[in-house]
Amino acid sequence: MAEKKQNTTPNPAQQTIDMMVVRPARIQSEDISSWVEAVNSAKRGYRTKLYNLYENILADPVLSDAIDKRVNAITNAEIAFMKDGQTVEAMDDLIDTPEFEELIREIVLSKAWGKTVADISFNPEFDVFSIPRKHIRIDKMDRPLKERRRFIIEKEGDLTKGYDYENDPYIIECGKDDDLGFIFKAAPYVIYKRGGFGDWAQFAEIFGMPFLVGKYNGYDPKAKQQLFEALSEIGSNPRAAIPKETDLEVKENKSSGSNTLYKDLKDACNEEILIAVLGNLMTTLDGSSRSQSEVHQETQEEIAKNDRRFVRRILNRKLVPLLLKRGYPVAGGYFSFPEQGENTTTDQLIERGIKLKKEADVYVDDDWFYETSGIPKPEKQPEPKPEPKPDPEPEKKPKAKKKKLRNFFAEAPVTELTDSGAINRTLWQRFKRWITGKVELADGYSIDFDKIFAEAIKEVYGGDTSPVNKSLFNLSNDPLQNAFSIEFGKEGDDWGKGNADFIKEFRKNGAEFSGFKAHNLTKDFAELLYDEDGNQLTFKAYKKKCLALKDVEERHLQTQYNTAIKSTRAAINFRKYLANEKLYPNLEYIESIAEHKDLDHLALVGTILPIRDEWWKKNLPPSRWNCQCSVKPTKKPATKVPDEAEPVDPVFANNPGETAKFVVTEETAYYKNTAKKLRATVIALAAMLESLRRQLEEEEEES
């Protein structure tokens, strides 16, 4: 197991890092002479100017996106530490940390920048700090290799003063002294493109606007000045003022040659940038044919293979010895990319599996097809067709015991899929869900469920002791607030201003509900941290346990979002019905539009009562999760109150149009399962997190 003691030995590299003054690169215009000067300076060992220029040109979206593609091809590939043909669990936990991913990223970026110097520390956990590249100095570049000196400077202006890192065992250096990275090759084309865009903009300003011609009386000297002033007030269009007695012929330039020249320059520069970074351009820009694109894809994969080999060698040669010193079980093992990170589509993988199974007579488990495609495996497999012989008695298989997960509210009614179109839509939605990790809710709103859920797992495992985990709160609150915004937004600004306090209370109720829900799920996460003997689980084992809760929480979110929309709409409509009470004094209970109707609610259909009747305070739908019943205003005479109606679930015994609550939070199991002494704290934290969300939302709207 890795050593956990705090390292108290003074670290000279860390002392230098602590004293380092890192200045951001100035945003300024660059020309090709700046590039030439920076390159010549870097070849003498002084890289500050070159790296400042790199930071400047990385604002170019084509260049930055191409670099991200190159890096993501490595960071998205599976990496493992193998020993005796098996993965090492302790190393799995290390690999599954953001710090390790940062190290991988910086190793790959050494090919972009030419050099990476990373300080590895264990105080007490594994950590990585990449030295700002402009603070890396290589002295005596014109001398033999053994006489060169490599050190880290504290300030950009330092020439020979700094920390010599060559013999520091905790420093990992990548890249050759004379390597300036592939950004060096792309930089001139970014500079040319920027200049071309400036000329293009000037061309559009001059020739893309109409030419104004004004005529004045040549015998009136004041008329010329007055005419120019009048033309200036019109705008910045090209203009001319001439005497009436003279002629000026204005010819419109209808040729697009100059315009296409700038576009051609821009396209040519983009192509050269992509070739410099990715070795091709058709995997990013539109290609002329599918076959050509596939050839270029192969070229890019070759580059990715080279990058993987480079990363693997750096890790095995430089990181493994450090881990061994710190007590990690790495002796005799090595890092590898088992899946090679190939850019193989899901269709290609499935096609390959079918081919192996049918043509090569290789056994491929059916579960693999379900897992690869993302299509859920049905609970009941279709029965095989009977062979022309007596059927043997079917064997009775014991029923699998289902693991019970805490369920705080009834499952939403499930609509049966009876037509092929509905089945295909559901399969497509599930496929998208598997590919993107996002959950798409009722009105098209989507949330990156997998990412947020994974962040919460890491936060709780990392020691987040807050009663309300922020990520879990956002997982519930963001969708609910979005549902409120959509429904209230449909009514327009005037309605919103007239009901501002009501809307504020409605949002508050949604935030408090999310707070208690997040608190309960945070407790569930915390309870899974330890095994039966009280020992803390490894992160991998802990994550697996937490992910078992994900499907249930996803279904709950879908149901809660649907109910929030229905409840908000019911509240808005009720307040409108009150405004028209004189015309339509009563409300009528309308049958649900759901395919599977609630028998208790069917008994209420046709009930007509005055809009202010006490009965509506507890029976205004929605009356349960995912309820699709409704009411409508009417002039029909009132009926009797239903005699033997089943009492409504206390969570929904509420008229949202009066109380400004989409549910009665105090009646939910989330609230009741929270310790009394913590309830006020949960409410306060929910209010704070919702306030922060609103503040960020307003700042985004202003920007």
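The values are calculated or read from the model by the stated rules, or taken from the named source; none is laboratory data. Computed from a prediction, not measured in an experiment: that's the story for all the values here. A quick note on method: Cβ atoms are made from the backbone with ideal geometry, for glycine too, and the neighbour counts reach across all protein chains shown. To get the accessible areas, we keep the full protein, side chains included, count just its heavy atoms, and leave off ligands, DNA and RNA. Shrake-Rupley method; radii C 1.70, N 1.55, O 1.52, S 1.80 Å.
Summing +1 for each Lys or Arg and -1 for each Asp or Glu, what net charge is found among the other residues whose Cβ lies under 13 Å from the Cβ of VAL39?
My count for the surroundings of VAL39 gives +1.
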Subject >> Label-point separation in nm, ASP443 to GLU698, each point 7 Å along Cα→Cβ >> reply: 2.2 nm
Subject >> Highest average packing first - 633-639, 179-185, 74-80, Cβ atoms within 10 Å >> reply: 179-185, 74-80, 633-639
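Highest first, please rank the peptides 674-686, 118-130, 650-662 by the mean number of other Cβ atoms sitting within 10 Å of their residues.
Values: 674-686: 15.7, 118-130: 17.3, 650-662: 20.2.
Final packing ranking: 650-662, 118-130, 674-686.
Starting with the highest mean, order 143-149, 311-317 by the number of other Cβ atoms within 10 Å, averaged over the residues of each peptide. Provide the component values of the computation, followed by the final result.
Working: 143-149: 9.6, 311-317: 17.4.
Descending packing order for the listed peptides: 311-317, 143-149.
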Original post:
Can you pull the three principal axis extents for the Cα set of the stretch 95-192, in Å, largest first?
Top reply: 41, 35, 24
Subject >> Leading residue at positive end of dipole, the stretch 548-693 (Cβ point charges), from ALA594, ALA571, LEU620 >> reply: ALA571
Original post:
Once label points are set 7 Å from the Cα along Cα→Cβ at both ALA331 and LYS504, what is their separation, rounded to one decimal in nm?
Top reply: 6.8 nm
Original post:
Which value, in debye to the nearest 20, gives the size of the charge dipole of the stretch 537-623 about its Cα centre, when Lys and Arg are +1 and Asp and Glu are -1 at the Cβ?
Top reply: 660 debye
**OP:** Quick one: grab the alpha carbon gyration tensor of the stretch 509-619, order the square roots of its eigenvalues as a ≥ b ≥ c, and give me rounded if a/c is under 1.5, else prolate or oblate depending on whether a/b is larger than b/c.
**Re:** prolate
Subject >> Rounded FRET efficiency, nearest 0.05, which uses the C-beta distance separating GLU646 from ASP494 and R0 of 51 Å >> reply: 0.80
Original post:
Counting Lys +1, Arg +1, Asp -1, Glu -1, what net charge surrounds ILE447 among other residues with beta carbon under 11 Å of its beta carbon?
Top reply: -3
Subject >> Cα-projected label distance for ALA669 with SER485, points at 7 Å along beta-carbon direction, nm >> reply: 3.1 nm
Subject >> For the stretch 633-703 and the stretch 78-97, distance of Cα centres in Å >> reply: 47 Å
Original post:
Among LYS617, LYS134, what's the order by accessible area (1.4 angstrom probe), most exposed first?
Top reply: LYS617, LYS134
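Please report, in whole Å³, the volume per residue of the convex hull around the C-alpha atoms of the stretch 659-703.
On the way: hull volume 4.0 nm³, N = 45.
It is 88 Å³ per residue.
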Subject >> Cα pair count fraction exceeding 23 Å, expressed as % - the stretch 536-693 >> reply: 50 percent
Subject >> Contour excess over end-to-end distance, with Cα ends at ILE32 and LYS146 and 0.36 nm allotted per residue >> reply: 37.6 nm
Original post:
Which whole-angstrom value gives the distance between the alpha carbon centres of the stretch 315-335 and the stretch 494-556?
Top reply: 39 Å
Subject >> Listed residue pairs exceeding 25 Å between alpha carbons, taken from LYS504/LYS597; LYS544/LYS566; LYS490/LYS661; LYS470/LYS550; LYS451/LYS523; LYS49/LYS193 >> reply: LYS504/LYS597; LYS544/LYS566
**OP:** Report the full-extension gain for the segment ILE593 to THR634: residue separation times 0.36 nm, less the Cα-Cα distance, to one decimal in nm.
**Re:** 12.8 nm
**OP:** Give the dimensionless ratio obtained when the Cα radius of gyration of the stretch 461-555 is divided by 2.2 N^0.38 Å.
**Re:** 1.44
